[in-house]
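Below is one structure, written out as structure tokens; comments come after it.
The values are calculated or read from the model by the stated rules, or taken from the named source; none is laboratory data. Predicted, not measured: the structure shown is a model, and the values here were computed from it. Neighbour counts run over all protein chains shown; Cβ positions are idealised from the backbone, glycine included. What goes into the accessible areas is simple: the full protein's heavy atoms, side chains included, and nothing from ligands, DNA or RNA. Shrake-Rupley method; radii C 1.70, N 1.55, O 1.52, S 1.80 Å.
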Amino acid sequence: MEALVCRKLGDPTVSIHDEKSPIVLSKTEPIPQLNSSTAVRVRVKATSLNYANYLQILGKYQEKPPLPFVPGSDYSGTVDAVGPNVSNFKVGDTVCGFAALGSFAQFIVADQSELFPVPKGCDLLAAAALPVAFGTSHVALVHRAQLSSGQVLLVLGAAGGVGVAAVQIGKVCGATIIAVARGAEKIKFLKSLGVDHVVDLSNESVIPSVKEFLKARKLKGVDVLYDPVGGKLTKESLKLLNWGAQILVIGFASGEIPVIPANIALVKNWTVHGLYWGSYKIHRPHVLEDSLRELLLWAAKGLITIHISHTYSPSEANLAFSAIEDRKVIGKVMIAFDDMKSIRPRL
């Protein structure tokens, strides 16, 4: 089968045809076999690129698998084979799921408990983009912060994969949404999602822009901070938080890990949530399962829309990673196997 294999750590934006590339496109990888009576083999149609995949190939992610490995986490496809005790799926069913590794390949094997049926009305490319980005934001906002109607949500990095998801989930929850991004194209896109206020970092600062908006709306401050960015932006955003606010630490796309002063957290009764979504698969798998089922229903009903920024073939993987590195992405970047035209999203 065809698979993208990481043979050494390094920059995944280097052309896969260059000997310096850490990833190679192998066309002779063995097709994985069913490894239990409840195993399901999926022929992958599409797989999502996440910032974590980029960091993992660089060797900068918290989990460092032994080399060589096939990267990749969330995916969608068609059931190709099932074990004798599989009761949830049959050959030909369309499914989506997520894995610690292995989705950058034409086939992947998972236990039936780790797969989810793709509902009618939700296409396969969109389904492959949903688990990690929307799952992260849903668990953070709904399960951890318990975001409710009338609260003020501030989303940093709002035009990225998890940011777009956070904005839409915030809208479903009935919150007032403040979105922070950089550049006219991203700002226009966020406004199209119906956010209440947008801060364009290319020509304005977070603190005065948000304070002016809050004053105009007669709001006291931000109740929930969704932060996948870190760095200076986090430090500035802390000055906008209400007493009793909640801080969701999602990641550090800026490359700088911020310091949240414990003394101020004490005085203002802040709650700081560290959110490593992948660890829920080990410690609270039922939370992930319930979250993804709800998200797939929301997608089928049109309550959320999975926005695909770029779609590439496996041979163009370096271009996919370049799009992430260069901050060109609005929404999600995908790699599609087989015929890409058959799974283009209806957006």
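Per residue, the chain exposes 44 Å² of solvent-accessible protein surface, assessed with a 1.4 angstrom probe and all protein chains in place. Ranked by solvent-accessible area (1.4 Å probe, protein heavy atoms only, all chains present), the residues Thr176, Thr28 order from largest to smallest as Thr28, Thr176. For region 133-278, the number of Lys pairs separated by eight or more positions or lying on different chains, with C-alpha atoms closer than 19 Å, is 16. Sequentially through region 202-212, phi angles give Karplus couplings (6.51, -1.76, 1.60; θ = phi - 60°) of 6, 9, 8, 9, 5, 4, x, 5, 5, 4, 4 Hz, Gly and Pro residues having no value and appearing as x.
Normalised by the number of residues in the chain, the mean separation of alpha-carbon contacts (under 8 Å, six or more apart) gives a relative contact order of 18 percent.
For Cα Rg over 2.2 N^0.38 Å, the value computed from the atomic coordinates appears in the list (i) 1.04; (ii) 1.31; (iii) 0.99 under label (iii).
Peptide packing: for 193-204, 136-147, the average count of neighbouring Cβ atoms within 10 Å per residue gives the ranking 136-147, 193-204, highest mean first.
Helical content alone sets the calculated 222 nm signal of the chain at -8000 deg cm²/dmol, taking -39,500 (n - 2.57) per DSSP H segment of four or more residues and averaging over every residue. Of all DSSP beta bridges confined to region 89-204, the antiparallel ones make up roughly 25%.
What does the charge count around Ala245 come to, taking other residues whose C-beta lies under 13 Å from its C-beta (Lys +1, Arg +1, Asp -1, Glu -1)? With Lys, Arg at +1 and Asp, Glu at -1, the net is +1. In terms of the Cα gyration tensor, with a ≥ b ≥ c the square roots of its eigenvalues, is region 133-278 rounded because a/c is under 1.5, prolate because a/b exceeds b/c, or oblate? Rounded shape, in that the Cα axes give a/c under 1.5.
Of the GluC sites (Glu not before Pro) found in region 211-275, the ones in coil according to DSSP and having at most 15 other Cβ atoms within 10 Å of their Cβ are Glu256.
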